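Okay, structure first, notes after.
Laboratory data are not the source of any read-out in this text; all were calculated from the coordinates shown. These numbers come from a predicted model, not from an experiment. Here the Cβ is made from the backbone with ideal geometry for all residues, glycine too, and neighbour counts use every protein chain on show.
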Amino acid sequence: MDLGQPGDWAFKGEGNANVVFGYTGSRSDLVGRVLKVRKSLRRACSVGKTAQQELENDVWAPVLGQHQASPLALELIYTEQCLMPLLGSEYVPSQIKPKCGYVTASPAIHPDNHIKQTRSRYQLHQLLKVAEGKLAAASSYDPLDLFSNQPQRMLAALRALFAHPQNNLRLFFGGAPVGLQEGLSKWAAVGHDPATVDNATAAATEATDAEPDAGLEELLKVLVQILLLEGVLNRLLSAQQHCEVDIEGIFALYCKLLSRVSSAQQATTEDSSTSLGSSQLLATHHQGVQEVLSLPTSEAYSLLRRYVVSATAKDCALMISLRRLASATEGRELQQRGGKVVCSTSDVLASCVEGLNHAVVLEDSVSSSGQQWYQYQVAFVDLDMKALAKIPQHFELDQRIVKVAREQQENQQQLRIDG
């Protein structure tokens with residue numbers, strides 16, 4: 001395919017595995033398209049298949065087939081067959097990163113790791129990053145607030161993201177990434193002159209801390225309205241919960257399927273004699289793990305596929321593109337043609353809660369009441385398939401997170417006793 005001149009492609013964003021460019025030239029066949037480029041190619045084994053490769057092939061054969069397709073073709077099939085039925089079609093194959101929006105209740109969790117059932121994974125991971133010196137302080141962002149469908153909690157979550165964006169929030173203007181302060185300045189400029197910036201894309205990183213101001217609050221309210229109107233977080237949560245088994249059970253199953261039974265037994269039964277949990281909780285844990293390990297092969301493969309889909313959904317991002325409209329009349333015309341529009345006033349935020357599918361545009365409402373309307377688009381991005389070979393790393397990270405969180409909890413309890 002002829003992609004034109006390199007200078008006609010501008011950087012849009014990047015995920016763990018890919019860099020995304022958007023077309024900025026004038027060719028009609030390329031306008032509106034994005035180009036996803038892998039950061040590195042998957043290595044092929046030159047001396048036969050390893051046990052890991054055979055397991056990957058066996059698990060994915062019912063969905064991807066046994067053909068030797070390119071990595072990009074396989075990822076497209078994965079997106080279409082595994083993710084689109086859960087997320088819908090609002091995605092671009094190419095950034096807010098909501099992260100995991102629920103607290104697990106899997107019986108496969110060891111009683112000593114009960115803390116995973118009390119707080120979000122994101123907040124627990126923050127404790128590890130602080131302990132390892134990667135962060136000076138933990139973010140107050142909690143995905144449970146963003147996924148709550150309660151406007152005030154969602155606003156609080158977005159404020160926390162803007163205060164400590166880390167790698168979970170990015171702002172783009174005119175197709176280029178900008179820092180938070182610069183982004184808010186441009187956003188304010190758009191408010192005074194719609195021609196100043198053609199569009200503003202709120203995605204999910206680099207930004208500096210900032211106190212909420214009027215411009216930020218307006219932007220956050222618009223984002224909350226869009227999330228409520230579109231229901232994308234509900235679909236994303238459903239995809240995240242596609243796998244009902246915690247990583248502790250998944251790792252045990254993975255080890256068994258790779259004929260590493262001893263590793264699986266060690267991972268799921270270590271230190272049982274000194275466990276903090278009761279015998280009943282231990283029995284529930286062991287039963288949960290054994291139920292996973294006793295699954296027939298086809299069901300075990302299906303569970304691993306669901307785990308990969310769930311892992312993708314927990315790490316993907318939402319891109320929300322905004323364009324300020326000159327008048328409510330323009331918004332009404334766009335809506336009649338099937339376009340999506342939203343208003344920045346709190347009245348429309350209330351209408352979201354009441355269950356309206358889309359905001360109703362009143363003619364000339366901008367000039368009459370000071371309302372400001374926007375055209376928007378929503379897309380899921382960074383939907384790359386996770387390799388099964390990452391499961392041991394996922395388990396190891398999970399155990400490090402739990403260890404630090406448990407130590408902090410014990411220290412706090414000791415401080416209360418000493419106090």
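Set the Förster distance to 56 Å, then compute FRET efficiency between Glu217 and Thr50 from the Cβ-Cβ distance, nearest 0.05. Don't jump to the answer; show the numbers that get you there.
Numbers: r = 54 Å, r/R0 = 0.96.
Here the calculated transfer efficiency is 0.55.
Expected output is a single nm value to one decimal: the length gained when fully extending between Glu410 and Ser298, i.e. 0.36 nm times separation in residues minus the C-alpha distance. What is it?
Working: separation 112, 0.36 × 112 = 40.32 nm, distance 4.19 nm.
Length gained between Glu410 and Ser298: 36.1 nm.
In whole Å and largest first, what semi-axes does the C-alpha gyration tensor of segment 76-163 yield when each eigenvalue is scaled by 5 and square-rooted?
Numbers: eigenvalues 132, 77, 45 Å².
Semi-axes, largest first: 26, 20, 15 Å.
Residues in segment 102-130, backbone N under 19 Å from the label point at His286 (7 Å along the Cα-to-beta-carbon vector): list them, ranges by number please.
Hits in segment 102-130 for His286 at 19 Å: 107-114.
So if each residue of separation counts as 0.36 nm, and I subtract the Cα-Cα distance between Arg400 and Ser259, what length gain in nm does that give? Write out the running numbers ahead of the final one.
Details: separation 141, 0.36 × 141 = 50.76 nm, distance 2.47 nm.
Between Arg400 and Ser259, full extension yields an extra 48.3 nm.
Taking every pair of alpha-carbon atoms in segment 299-340, what share in percent sits in each 10 Å bin, from 0 to the bin with the longest distance?
Whole-percent P(r) values from 0 Å outward: 22, 25, 15, 20, 15, 3.
Put a dot 7 Å past each Cα toward the Cβ at Leu76 and Arg119; how far apart are the dots in nm?
4.4
Could the peptides 407-416, 223-232 be put in order, highest first, of the mean number of other beta-carbon atoms found within 10 Å of their residues?
Working: 407-416: 11.1, 223-232: 21.3.
Per-residue Cβ counts within 10 Å, averaged per peptide and sorted highest first, yield 223-232, 407-416.
Please give the peptides 316-328, 110-122 ranked by average Cβ packing (other Cβ atoms within 10 Å per residue), highest first, as a rough proxy for protection. Don't skip to the answer; put the middle values down first.
Details: 316-328: 20.6, 110-122: 18.3.
Final packing ranking: 316-328, 110-122.
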